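Take a look at the structure below.
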Amino acid sequence: MKRTLFGTVAAGIMIFGTFAAPLPPAANAQGFNLSEPSQTITFSPLQLQNETSAQQTQNAATSQIDSYYQSAAGKSGPALKKALHDIIDDHTQLSYSQVWDALKKTDEDPNNQNNVLLLYSGVSRSKQSNGGNVGQWNREHVWAKSHGNFGTSQGPGTDLHHLRAADVQTNSTRGNLDFDTGGNEYKGAPGNFYDSDSFEPHSRVKGDVARMLFYMAVRYEGDDRFPDLELNDKVNNGSSPLHGKMSVLLKWHKQDPVDQIERNRNEIIYQTYQHNRNPFIDHPEWASEIWE
């Protein structure tokens, strides 16, 4: 049965079914009701205007992202991996000292602008408490910098897409371990586990970790003086430019979908610092299309 909504119009907005269209601004701003026999819905003009503006902003952002990845459209497998590499390489590179200030923006606690959120523990800690001492936070290379021996030099060593604020001791415990499941719970950051050859992050950030490693394996292909970084399905990769464990990372990617914190971080890195994006935050489906 077709449902008819009845409403009075005010504040320069008229409702046609579920479509809002602006009227001349001379109308007054009292708000209006839409009603039917079993339901009354009250809208304020500002609410409708805000929703319309938010939708327009979202549409513009989606269009911008689609344009950014235009050359990758319709591709899969190695062809998609190469197309994405060509899109995201040649990014603006930071020095390792510049990473400190950048992380204070990219990893800012959305509930406290004076703090950063630490990757593995989820603790909110003062931005000013950075350093190398117990109780401070430092710069965690999610793709362990010894896996390819790129250190902290510009390029993979300072790439914000895999550098995160982390508790000093938790970072030390993770070390250069590959990622896998199992082990003993790390008491300094409950929910994280480790053993002699692997580290399992908290379920809250398992997908984040996976997508950061996916990015690194696409961005660094060995064609710009940096090592060719690749994922494999092993642990104990040592100093080889390899990181695992791929099958586990793909599972985590699906279990822990992209969240707003990741989207915001991706946007800040793109707009303010490196001017490139993590494709697997914008298009999570591409991980399967490349590696499965």
Residue that is farthest from residue 188 (Cα to Cα), among those in region 88-124 that are among the hydroxyl-bearing types (Ser, Thr, Tyr) and either touching a residue at least 12 places away in the same chain (Cβ under 8 Å) or in contact with a strand residue (DSSP E or B) (Cβ under 9 Å, 6 or more places away or on another chain) (or both): 92
Candidate set from region 158-170 (those that are under 16 Å from residue 200 (Cα atoms) and more than 20 Å from the chain's Cα centre (by Cα)); member that is surrounded by the fewest Cβ atoms within 10 Å (Cβ to Cβ): 169
For region 115-139, which residues satisfy the criterion of being over 19 Å from the mean Cα position of the chain (by Cα) and in a loop (DSSP other than H, G, I, E, B)? 127, 128, 129, 131, 132, 133, 134, 135, 136
If you take the residues in region 194-216 that are without any contact (Cβ under 8 Å) to a residue 60 or more places away in the chain and buried (at least 18 other Cβ atoms within 10 Å of the Cβ), which one is nearest to the chain's Cα centre (by Cα)? 207
Which of the numbered conditions does residue 235 fail, given that it passes all the others? Conditions: (1) in contact with a helix residue (DSSP H, G or I) (Cβ under 7 Å, 6 or more places away or on another chain); (2) farther than 16 Å from residue 106 by Cα. (1)
Out of 225, 265, 204, I need the residue that is of a type outside the set (A, V, I, L, M, F, W, C) and closer than 24 Å to residue 101 by Cα. Which one? 265
Would you mention how many residues in region 72-117 are within 14 Å of residue 218 (Cβ to Cβ) and among the β-branched types (Val, Ile, Thr)? 2
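Would region 159-166 turn up any residue that is part of a strand (DSSP E or B), on the phi < 0 side of the Ramachandran plot and not small (Gly, Ala, Ser)?
Looking through region 159-166, at least one residue is part of a strand (DSSP E or B), on the phi < 0 side of the Ramachandran plot and not small (Gly, Ala, Ser).
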Inspect region 238-253 for any residue being without any contact (Cβ under 8 Å) to a residue 60 or more places away in the chain, out of contact with any helix residue (DSSP H, G or I) (no Cβ under 8 Å at 6 or more places or on another chain) and surrounded by fewer than 23 Cβ atoms within 10 Å (Cβ to Cβ) and give the result as yes or no. yes
Check 273, 186, 220 and return the single one that is buried (at least 23 other Cβ atoms within 10 Å of the Cβ), aromatic (Phe, Trp, Tyr) and either at pLDDT 95 or above or on the phi < 0 side of the Ramachandran plot (or both). 220
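Can you name the residue in region 140-157 that is more than 17 Å from the chain's Cα centre (by Cα) and outside any loop (DSSP other than H, G, I, E, B) and is also nearest to residue 89 (Cα to Cα) among such residues?
Going through the qualifying residues, I end up with 156.
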Residue 207 more than 26 Å from residue 123 (Cβ to Cβ), out of contact with any Cys (no Cβ under 9 Å at 6 or more places or on another chain) and small (Gly, Ala, Ser): no
Whether any residue in region 93-106 is touching a Ser or Thr at 6+ places or on another chain (Cβ under 9 Å), assigned to a helix (DSSP H, G or I), surrounded by 15 or more Cβ atoms within 10 Å (Cβ to Cβ) and polar (S, T, N, Q) is what I want to check. yes
What number of residues within region 168-200 are acidic (Asp, Glu) and in a loop (DSSP other than H, G, I, E, B)? 3
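The values are calculated or read from the model by the stated rules, or taken from the named source; none is laboratory data. Every value quoted in this text rests on a predicted model; they were computed, and no experiment measured them. So basically every Cβ, Gly included, is an ideal-geometry build from the backbone, and we count neighbours across all protein chains shown.
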